[in-house]
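Below: one structure, written as structure tokens.
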Amino acid sequence: MCKYIVCLILCIPLVAYAQKKVTVSGYIEDASSKERLIGASISTTSMQGVASNKYGFFSLTLNEGNYVLTSSYVGYRAVSKRINLASDTTINFLLPNDLELEEIKVVGESGIDKTPQLSALSHLHLNMQEIDRAPVVFGERDLLKTLQFQPGIKSGAENTAGFNVRGGSADQNLILLDGVPVYNVNHLFGFFSVFNSDAIKNASLYKGGIPARYGGRLSSVLDISMKEGNMKKSHGVFSISPISARVTYEAPIKKDTAAYVVSFRRTMLDIPLVLFQKIANQPTIGYMFYDFNAKANWLINPTNRIYLSIYSGRDNQYTRNKQDGTKSKYNYKWGNITSVLRWNKQISSKVFSNISAYYSIYRLNNLITSESEKGDTKFQAKSDIQDLSLNGDFDWYVSSTYTLRFGGKASRMFFAPNITQIVDYSSETNLNEEQRKESSNFEVFIENDFKLNKFNLNIGLRSSLYDTEKKTYYNLEPRFAIKYRTVNGFSSNVAFTRMSQFIHLLSNSSFGMPTDLWVASTHKVKPQTSNQISIGAEQRLNNYSFGIEAYYKRMEDVIRFKEGAAFLSTQETNWEENILAGKGKAYGIEFAAKKTTGKLTGMLSYTLAWSERQFDKINQGRWFPHKYDRRHDISILSEYSILKTKKREKSFSFGFTLQSGNNMSMSDIEYEGMYPLNLYRVDHANPDWPKSRQTYDTPNNFKMPLLHHLDLGYTTKRITDKGKAHTWSFSVYNVYNRMNPWYYYKSSSGAVKQVSMFPVVPSVGYKYTF
């Protein structure tokens, strides 16, 4: 069957036209900064058109003749140009954004879809201005938390950044920052994400009909692009919240030729706390995190451009103490570093290429040291995953109705989970060195985009080869998406996606803890695979849109720990012996209603979903609910513009979430017992040690109650005569003080106890733009 699919995709004929065709191509940019706009539309009066690619490039092939070309983008004024096409022509569009406008109507939704084969429920485009004005906890704008208002996307736990898409797990989401995978997206044990909203230009998420250019995860792709830098003039932003302070600065290196942007965010609460502890001569205990983003781009000539972007972020929980002549230090650090060098080249008016090389590393380091007259001791446990990759992809705009995309990727990955070193006065012990693994991955893809009257199609294939130490895995991943559109705004769509995932996340929690460890597929542990089909319909009516989509997904070779097993162990047992491989299935229906323009804008979403797992050695081989099997999810995110002029803006926002609770495993049986002598030292026996053992025969047998909260926000912005802006944001999280359960435990008496984390939380934030 796969052979026939390959032949279908690779042998699609190209149509020749008798009438002479000419091509108009160029870039669509922000007029004030020359930042290139992703997914902006370019169209004729007869609605022949195309959307700009990820780097702002467009190519449109038309018959010879006179045309009026109009370019538009959400939040920008549309710009039209009259041209006479007699030969291939290059033309660039500079769009003024709404900050420069007063009584001029700006564009709400462009006429040309960025992904015309997919519904708005399968491919989400995130508006960064909406994220800036959404109500948040502690004044921290967070892309991943705002994303959780969308249908089919659920948080792992209340107010955490980790999310699960259509019945999957958090590790099944591919999260890209400027095309580079980010392997840990959590700060403060999952309460905040690593993405500084001041440094982000654009973000979009695929959860169905994922194009063949993406691969490596089962559930979704979140593609985030950093700002490029202002090529016209210097520009900066300073903002502060109860949690952190942020500063962003961008400026031209050479006007209209090269520019850079740098952004830094850091928590502030630890600084006065540490100073107080030092003044009081107390042990130093603290916690901090930071994020640093930097990007530069150089327009070598009209057809060549180079980008260099870097991200570095880290969390550090630390303790310093000096007592009785002994100095002790404790550092628990984790963080990411990503870097990418990218070359964009316009090979011709119809062909655009993107070549990049990137490096990504996530590292966890747990270090305890002690210095005394007897000598020094050290305990260190560290884990890391490194990813080095070379990528190339090409866009060939064959005609106005056919676009061919193709490319490939070669990567080398290094895994070092839980490498432990113990040093005392007289010896040194190294553990788990055999856990180090290396792997190579080679992937190629091809996509065919068609526009056939009222039909839009994307037919693609991704082929991947994964080579580990003792095993080579090969996968073919066909992709298919088709959309039928009528003139009255109605459309229907169907899509099929096959995905494979060669790496696994070993986790003992649902909170995005830094102890979650990435490991490679091996000769014993197969890659995960999934097949998903979705079908839906949309109706657009002026400023409103309504959509519904159903999906069904099957997953193979998903993993979980055996009951009672954990990875963080210095025993000789390999992690491969502590996990089980099984199956998963998820299905459901998503609904969304949106209002995109006017004083009141927003979205109402509802999801009805099921997610289950099956393992031969658990629950007697029967299917059981997944941890994130949440039946119902209702979300509302809305904004009301009270005032909007050239000098003043005021808006009110609110968000509401109601969703079924998570599932968790509570012990079925508890009985008295004694510790085996070969596992625990008994020469220091403590009579207070527990002497009971718990068993979990039925996984996820406890359903947590409904989670719901209402959040309110108010934003006021004043722009001075010199163009500087002062923005105050006020928000209240959990207005009616609902004590949602964060987790449960059993007390010594056997009673089930609830722990809640977030009561009503007011906060304020300030932003200064200069």
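The values are calculated or read from the model by the stated rules, or taken from the named source; none is laboratory data. Note that the structure is predicted; figures quoted are calculated from it, not measured. Using ideal geometry, Cβ is built from the backbone for each residue, glycine included, and neighbour counts are taken over all protein chains shown. In case anyone asks, the SASA skips ligands and DNA or RNA and just uses the protein heavy atoms, side chains included. Shrake-Rupley method; radii C 1.70, N 1.55, O 1.52, S 1.80 Å.
Taking Lys and Arg as +1 and Asp and Glu as -1, the other residues whose beta-carbon sits under 11 Å from that of Trp334 total +1. Kirkwood radius and radius of gyration were both taken over the C-alpha atoms of region 447-529, and their ratio Rg/Rh is 1.19. The lysines within cross-link reach of Lys644, meaning a Cα-to-Cα straight distance under 23 Å and a gap of 8 or more places when in the same chain, are Lys105, Lys201, Lys594, Lys595, Lys599, Lys717, Lys722, Lys724, Lys767.
Only protein atoms count toward the accessible area here, which uses a 1.4 Å probe; on the chain, the carbon and sulfur part of that area reaches 58 percent.
Once backbone amide H atoms are built at 1.01 Å from N, Tyr76 has Val107 as its partners under 5 Å, excluding neighbours fewer than 5 places away on the same chain.
Calculate, for the chain, the solvent-accessible area per residue in square angstrom, rolling a 1.4 angstrom probe over the heavy atoms of the protein chains. Kindly include the intermediate steps, with their values, before the conclusion.
Details: 34380 Å² over 770 residues.
The answer is 45 Å² per residue.
Taking θ as phi - 60° and the Karplus parameters 6.51, -1.76 and 1.60, the scalar couplings of region 31-48 work out to 5, 7, 10, 6, 5, 7, 9, 8, x, 6, 9, 9, 8, 8, 5, 8, 6, 7 Hz in sequence order, x denoting glycine and proline. Once backbone amide H atoms are built at 1.01 Å from N, Asp88 has Thr23 as its partners under 5 Å, excluding neighbours fewer than 5 places away on the same chain. For region 255-347, the share of alpha carbon pairs falling in successive 5 Å distance bins from zero is 3, 11, 15, 13, 12, 9, 9, 7, 7, 6, 4, 3, 1, 0, 0 percent.
Rounded to whole numbers, the Karplus 3J(HN,Hα) couplings from phi for region 550-557 are 10, 9, 9, 9, 10, 10, 10, 6 Hz, using 6.51 cos²θ - 1.76 cosθ + 1.60 with θ = phi - 60°, and x at Gly and Pro. Karplus-based coupling profile of region 397-406, in residue order and whole Hz: 8, 5, 8, 5, 10, 9, 10, 10, 10, 7, with θ = phi - 60° in 6.51 cos²θ - 1.76 cosθ + 1.60 and x standing for Gly or Pro. Whole Å is fine, so just give me how far the alpha carbon centre of region 35-85 lies from that of region 341-409. When both Cα centres are located, 32 Å separates them.
From the P(r) of the chain, could you give the percentage of C-alpha pairs in the tail past 43 Å?
Working: 86625 of 296065 pairs.
It works out to 29 percent of all Cα pairs.
Starting from the Cα gyration tensor of region 209-264, take the square roots of the eigenvalues, sort them a ≥ b ≥ c, and report rounded, prolate or oblate (rounded when a/c is under 1.5, otherwise prolate if a/b is larger than b/c, else oblate). Taking the square roots of the gyration eigenvalues as a ≥ b ≥ c, region 209-264 is oblate. Need the list of lysines near Lys378 for cross-linking: C-alpha distance under 18 angstrom, and skip anything on the same chain fewer than eight residues off. In chain and number order, the partners are Lys322, Lys327, Lys329, Lys333. Using a Debye calculation, one point per C-alpha and no hydration shell, please list log10 I(q)/I(0) for region 115-233 at q = 0.10, 0.14, 0.17 Å⁻¹ in order. Listed by q, the Debye log ratios stand at -0.29, -0.57, -0.85. Scanning residues 5 or more positions from Met739 or on other chains, none has an amide H under 5 Å from its amide H, with H placed 1.01 Å from N in the peptide plane.
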